[in-house]
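Everything on this sheet refers to the single structure shown next.
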Amino acid sequence: MKKILFSMLMTLAALLDADAHAVNTVEMKLKEIKTGQEDITPHKKPAYLSGAIIPSWTDNWFISVSGGASSFIGSPLGCDDLFGRIKPALQISLGKWHTPSVGNRLVFQGFEWKSGALTNQKYRHYHADLLVNLMPSIAAGDNECRWDIIPFVGVGMIDNRDAGRNPFTFNYGVLGRFRIADCLHITAEIGNATTFKDADGLGSAREIGDHLLTLSAGVSWTFGKNKGWKKVLDARPYIIRNERLEALAYAQERENERLAKENGANLRLIAELRKILEIEGLLDRYAGYFDRTDDDGSASDGGYAMNDYSGLNSLRKRLREGKNGNATTESKSDKTHSGNGNGNATDGDSSGEMHGYPGDTADGNAPLGAPIYFFFELGTDNLVEESQMVNIDEIARVAKKYGLRIEITGAADKATGTEMINSNLGSLRASFIAGCLKEKGIEKSQIKTFSKGGIDDYTPGKANRNAIVRLFLP
């Protein structure tokens, strides 16, 4: 029977070790997944499709009416100056925007000008212009710009019936617009028409030299099936990212199913082993192996870290007898009590052995007894219960009497706070316990403090807000 029980316990220990290994493997897997997600979902500036705006003959037509002044500068010039030649001008145009940046228009301009002979001549100026809006390529965002700066160039003809001339013209200038409503703009324009010297009937018909300078302001009304523009996002990067995320989610789902099956099988085996130990009356002795699960395999409150150290009275006795952590056995009459996290006494280990914790060493020495936990409120270095201060008194008394070294490790709950905040909280909590011990007379040289930052070692998560005290021989 002993061999069978020993075999079962070894199997149970192997399962728990496998669970710990599986947890570490899962943590590494989660880190890999997180790294993959960060690589897949970086924050990018939106990109827009340059070819998403399709020209249509039914969209974004406009008609403009403006008035102003024009001045004919001819060759020969005559005796009047520029301002003496100013005459009123009327301009009407019909056009269409093919894209937010490119459009064209047909323009009629008329009234009269003062010729080189200083006589008033009536004229009509017809021209077609290419419009280039500079603002869509300069401004960011997906909305139409309120201000527009539009250089233009074009060609046309002047009809001067008083002089019997119809010269060809080259037109250029700048048009400015300000949108006051969805379909309505205020416009201002300065332009010039360069033509041959005989536009007013005076000069050479083969040489370019006459100019018609115009300054005007007015309104423009946009009409058609669709009015205005809206940029279209390039969806291709998001489609690729979604496909990658779907593949990643599928892989995670398969991995979760595998781990759930493996965990379920382990929990069922542990439950069976626990029933056998209970039947044999050995469950109390080996209950520590089952402190994380209930009979049904669900998580229990055992995951909450408890102060299960082997008793300060027993520790003092061992120090008096051997001053080392390697004592092996004691008589049953020397059985002591250990305190739990609530300050309640529980039966000590019947074997009388001191509990060493592999990995928790300082200068090659294992700590004396189990670590002692202190728990704190969220985001502070305030103890959740003042009754925990009784442990400070006992730790200080033993440490002073035997000259023990003290190591204090502070931690915070990884689920709350940033890495920097949790690191600072761990340091504050370790420093708080160190300060309490110094007030009890412990020398500063006997104490070392550390911070583990954010951890997720215990369930519930509030148990991770702790400081752990370990005692070592000098």
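Values computed for the structure shown
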quantity: Hits in the stretch 387-432 - residues which are within 14 Å of Tyr373 (Cα to Cα) and of a type in the set (Phe, Trp, Tyr); calculated: Phe432
quantity: Single residue of Gly201, Gly224 found to be at pLDDT 80 or above, over 30 Å from Ile63 (Cβ atoms) and touching a strand residue (DSSP E or B) at 6+ places or on another chain (Cβ under 7 Å); calculated: Gly201
quantity: Candidates Ile180, Ile138, Ile149, filtered to the one that is without any contact (Cβ under 8 Å) to a residue 24 or more places away in the chain, closer than 20 Å to Phe62 by Cβ, under 42 Å from the mean Cα position of the chain (by Cα) and open to solvent by 80 Å² or more (accessible area, probe 1.4 Å); calculated: Ile180
quantity: Residue in the stretch 189-201 that is touching a residue at least 60 places away in the same chain (Cβ under 8 Å), out of contact with any Asp or Glu (no Cβ under 7 Å at 6 or more places or on another chain), open to solvent by 30 Å² or more (accessible area, probe 1.4 Å) and under 14 Å from Asp148 (Cα atoms) present; calculated: no
quantity: Residue match in the stretch 401-413 (condition: more than 40 Å from the chain's Cα centre (by Cα) and assigned to a helix (DSSP H, G or I)); calculated: yes
quantity: Among (1) within 41 Å of the chain's Cα centre (by Cα); (2) open to solvent by less than 20 Å² (accessible area, probe 1.4 Å) - the single one Ile240 does not satisfy; calculated: (2)
quantity: Residue match in the stretch 447-457 (condition: outside any strand (DSSP E or B) and open to solvent by less than 70 Å² (accessible area, probe 1.4 Å)); calculated: no
quantity: Filtered residues of the stretch 194-218 (kept if aliphatic (A, V, I, L, M) and closer than 14 Å to Ala69 by Cβ); calculated: Leu212, Leu213, Leu215, Ala217
quantity: Of residues in the stretch 70-123 being over 60 Å from the mean Cα position of the chain (by Cα), of a type in the set (S, T, N, Q) and open to solvent by 30 Å² or more (accessible area, probe 1.4 Å), the one modelled with the highest pLDDT; calculated: Asn120
quantity: Subset of the stretch 367-386 [part of a loop (DSSP other than H, G, I, E, B) and among the aliphatic types (A, V, I, L, M)]; calculated: Leu378, Val384
quantity: Residue match in the stretch 267-284 (condition: among the hydrophobic types (A, V, I, L, M, F, W, C), at pLDDT 75 or above, outside any strand (DSSP E or B) and under 37 Å from the mean Cα position of the chain (by Cα)); calculated: no
quantity: Evaluation of Lys444 against (1) surrounded by fewer than 17 Cβ atoms within 10 Å (Cβ to Cβ); (2) touching a His at 6+ places or on another chain (Cβ under 7 Å) (one fails), failing number; calculated: (2)
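This table checks each residue for (1) touching a Phe, Trp or Tyr at 6+ places or on another chain (Cβ under 8 Å); (2) among the aliphatic types (A, V, I, L, M).
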{"site": "Gly403", "(1), (2)": "no, no"}
{"site": "Ile406", "(1), (2)": "yes, yes"}
{"site": "Ala415", "(1), (2)": "no, yes"}
{"site": "Ala430", "(1), (2)": "yes, yes"}
{"site": "Gln446", "(1), (2)": "no, no"}
{"site": "Gly454", "(1), (2)": "no, no"}
{"site": "Lys462", "(1), (2)": "yes, no"}
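The values are calculated or read from the model by the stated rules, or taken from the named source; none is laboratory data. Keep in mind that what you see is a predicted model, and the values were worked out from it rather than measured. Backbone-built Cβ (ideal geometry, glycine too); neighbour counts: all protein chains shown. Protein only, heavy atoms only, side chains kept; ligands, DNA and RNA dropped before computing areas. Shrake-Rupley method; radii C 1.70, N 1.55, O 1.52, S 1.80 Å.
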